[in-house]
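To keep things clear, I will list the structure first and then write my remarks on it.
The values are calculated or read from the model by the stated rules, or taken from the named source; none is laboratory data. Given the structure is predicted, the values throughout are model-derived calculations rather than measurements. Neighbour counts are summed over all protein chains in view; Cβ atoms, including those assigned to glycine, are modelled from backbone coordinates with ideal geometry. The area values use the complete protein model at the heavy-atom level, side chains included, leaving out ligands, DNA and RNA. Shrake-Rupley method; radii C 1.70, N 1.55, O 1.52, S 1.80 Å.
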Amino acid sequence: MTASTINRFIQLFSDSFDALSARVGMTEIEQLAMVVHRSMNAPTRAYHDAGHVLAVSEGAAAHETLAALFHDVVYLQLDGGFAPHVAELIGDAVEMDQGTLRLRPAAPNDDALAICTALFGFTPGQTLPPFGGMNEFLSAVLATRLLGRHVGTLDLITVAACIEATIPFRGVDEQGQSAVQRLHARVLALLPDAQADARAVVHTTVALANRDVGGFSEPDPRVFLSSTWQLIEESNAPLNAVGVYSVREYREALMRMDGFLSQLDPSLVYQAFDSCPDARTCELLGIAAGRNVRFAVDYLRAKIAAIAILEACALCTGGNCPISMLLGDIRSFGGTPDRVEDFLPVAAQHSKAHVDLLHVLEHGRAVVSTNDLTESPVTAFVYRLLGHDGTQALMDRAREMYADRLAPLDFLKATESGVVLPIIRACAKISVSRAAALEALGQTLRPRK
């Protein structure tokens, strides 16, 4: 049996306050937990949700736990701005200026905003960077304002610094200083007479930051892919309309994630300070992150290559359309839906297919998706026939099509007929309105004897 999420949040707050010798009544703890619970269970959240908070806080010390509870409470891009209950608490910290948020100066008695402004290296009057700490900063302001009546200044600095450290994937600056080293300097500026405390604060921030990205070192790539998929669904609102989103919308969502992961330097995923964690641990974490990122990129590109065939077929037979028109529904009100894979032949396995990747394509990611099949049967069919290198070559041709340098029909003609024609015939079994056009397209592509 498992307690409800809100009660788990209440217990985490209660245990953390006990560990810090802070006497906080259960009524006040309830109020704190409800703020977090309401934000993290918003319908727009798929990855940055209550489950993520619970995962990051599992087994964590008190300061890390408090930071974990608050670190994603504000996510303006996902939530469409401030949720009303959050705006009441921190809306006065910023002002809207031509579509951007500008940081206001802290009032004389607003220690929370002053601490966060100093720790994040922000300046009153500046525009908050949407992808450079805006959400983390606002989450830290919320945390420190709510916690300030219960814990001491050093505790607030630690929690806020932990949240700052969750700004991901930052490299060294022009002076060769890492993000954690820069944070240490800002913590030390707040604690000039307590160097040992400052170092202890940063050690805690590193522990929380590395917990936050712990999925990158997952030994099972299917688990990492599941997190990647939750991020895709969370950041692409059209995919919430299951059965309605189009072939192009699906493909564009995959390409955005491919673009991000393919440019990500795995060495920037995990952080270290003062040999915490030690060099060997950092090396192993970086190796694991690189392995997972490469696997995810291969997976995404295989899916994009396969979806390119479907998109080309759609464009040749009437234009972009709901993906379910060609593949069938993921689930149906009328029983088990007809699916395109039901009409695909068994494909022989190419000698150069990567076995682990093919296994995930055929058997699915670790966590079931609500917006997509967990398995990738059409991609598995393509990958079995073309192998790894052939699928990557198909992806390269797909890029040419998407850049309007290769017409959809020419893209299909350049792809092996043994791959394209079975997919066209299977889609014709699913699509009522395009069956005739798909059959005609198949005749056009059929090799001449």
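Aspartates and glutamates near Lys429 by alpha-carbon distance under 12 Å, same-chain residues fewer than 8 away left out - which ones?
Counting by Cα, and skipping residues close in sequence, Lys429 has these aspartates and glutamates nearby: Asp338, Glu341, Asp342, Glu439.
Could you look at the chain and say what percent of its accessible area is carbon and sulfur, using a 1.4 Å probe and all protein chains?
So the carbon and sulfur contribution to the accessible surface is 52 percent.
Quick one: which of 209-220, 11-22 comes out on top by average Cβ neighbours within 10 Å, and what's the full order, highest first?
209-220, 11-22
Test of understanding: in a Gaussian network model of the chain with alpha carbons linked when under 10 Å, which of Thr379, Thr415, Thr65 would top the mean-square fluctuation ranking?
For the chain, modelled as a Gaussian network with Cα springs under 10 Å, the answer is Thr415.
Taking only protein heavy atoms into account and a 1.4 Å probe, give the accessible area per residue of the range 237-393 in Å².
Accessible area per residue, the range 237-393: 45 Å².
If you take the C-alpha gyration tensor of the range 369-449, multiply each eigenvalue by 5 and take the square root, what semi-axes do you get, largest first, in whole Å?
Value: 20, 19, 14 Å, ordered largest first.
Sum -39500 (n - 2.57) across every DSSP H segment of at least 4 residues in the chain, then divide by the residue count to get the 222 nm mean residue ellipticity, nearest 500.
-19000 deg cm²/dmol
Pull up all non-local amide H partners of Val94: gap of 5 or more, or a different chain, and H-to-H distance under 5 Å with H placed in the peptide plane.
Arg104
Please work out how much length the chain gains when fully extended from Glu375 to Asp97, using 0.36 nm per residue of separation minus the C-alpha to C-alpha distance, in nm with one decimal. Can you show the working numbers first?
Details: separation 278, 0.36 × 278 = 100.08 nm, distance 4.50 nm.
Fully extending the segment from Glu375 to Asp97 adds 95.6 nm.
Stretched out fully, how many nm does the piece from Asp274 to Glu28 gain, at 0.36 nm a residue minus the Cα gap?
84.9 nm
Identify which of Phe169, Phe70, Phe120 has the largest mean-square fluctuation in a Gaussian network model of the chain, with springs joining Cα atoms closer than 10 Å.
Phe169
Using alpha-carbon positions, what is the distance between the centroids of the range 205-223 and the range 131-163, in Å?
Spelled out, the Cα-based centre of one part sits 22 Å from the other.
Would you please give the residues with an amide H less than 5 Å from that of Leu101, counting only those at least 5 places away or on a separate chain, with H modeled from the backbone geometry?
For Leu101, the qualifying residues are Leu128.
Quick one: Karplus J couplings for the range 148-164, per residue in order, coefficients 6.51, -1.76, 1.60, θ = phi - 60°, nearest Hz, x for Gly and Pro?
x, 7, 10, 10, x, 4, 4, 5, 5, 4, 5, 5, 5, 5, 4, 5, 4
Roughly how many Å is it from the Cα centre of the range 224-288 to that of the range 1-55, as a whole number?
When both Cα centres are located, 26 Å separates them.
Express in whole angstrom the spacing between the alpha-carbon centres of the range 357-407 and the range 325-345.
Centre-to-centre (Cα) distance: 18 Å.
Taking 0.36 nm per intervening residue step and subtracting the Cα-Cα distance, what contour gain separates Arg256 from Phe131 on full extension?
That pair, Arg256 and Phe131, stretches by 43.5 nm at full extension.
Which value in nm describes the separation of the simple spin-label points at Ala55 and Thr281, placed 7 Å from the Cα toward the beta carbon?
Result for the modelled spin labels: 2.0 nm.
Given R₀ = 51 Å, FRET efficiency for Asp338-Asn109 by Cβ-Cβ distance, to 0.05?
0.20
Taking only Cα atoms and a 10 Å spring cutoff, compute GNM fluctuations for the chain and point out the largest among Ala189, Ala207, Ala272.
Ala189
Let me cross-check Thr44: its accessible surface, 1.4 Å probe, with only protein heavy atoms counted, in Å² to the nearest 10?
About 60 Å², rounded to the nearest 10.
Sequence-distant or interchain residues sharing an amide H contact under 5 Å with Val367, placed H: which?
The list, which skips near neighbours in sequence, is Ser226.
What accessible surface, in Å², does a 1.4 Å probe find on Arg45, ignoring ligands, DNA and RNA and rounding to the nearest 10?
20
Residues of the range 240-267 with the amide nitrogen closer than 19 Å to a label point 7 Å from the Cα of Ala42, along Cα-to-Cβ, please.
Hits in the range 240-267 for Ala42 at 19 Å: 240-241.
Please give the charge dipole size of the chain, origin at the Cα centre, charges +1 on K and R Cβ atoms and -1 on D and E Cβ atoms. Round to the nearest 20 debye.
Working: 37 positive and 51 negative charges, 336 e Å.
Dipole about the Cα centre, nearest 20: 1620 debye.
What ³J(HN,Hα) values, in whole Hz, does the Karplus curve 6.51 cos²θ - 1.76 cosθ + 1.60 give for the range 412-425 when θ = phi - 60°, with x put for Gly and Pro?
Values, residue by residue: 5, 5, 7, 9, 3, 4, x, 8, 6, 5, x, 5, 4, 5 Hz.
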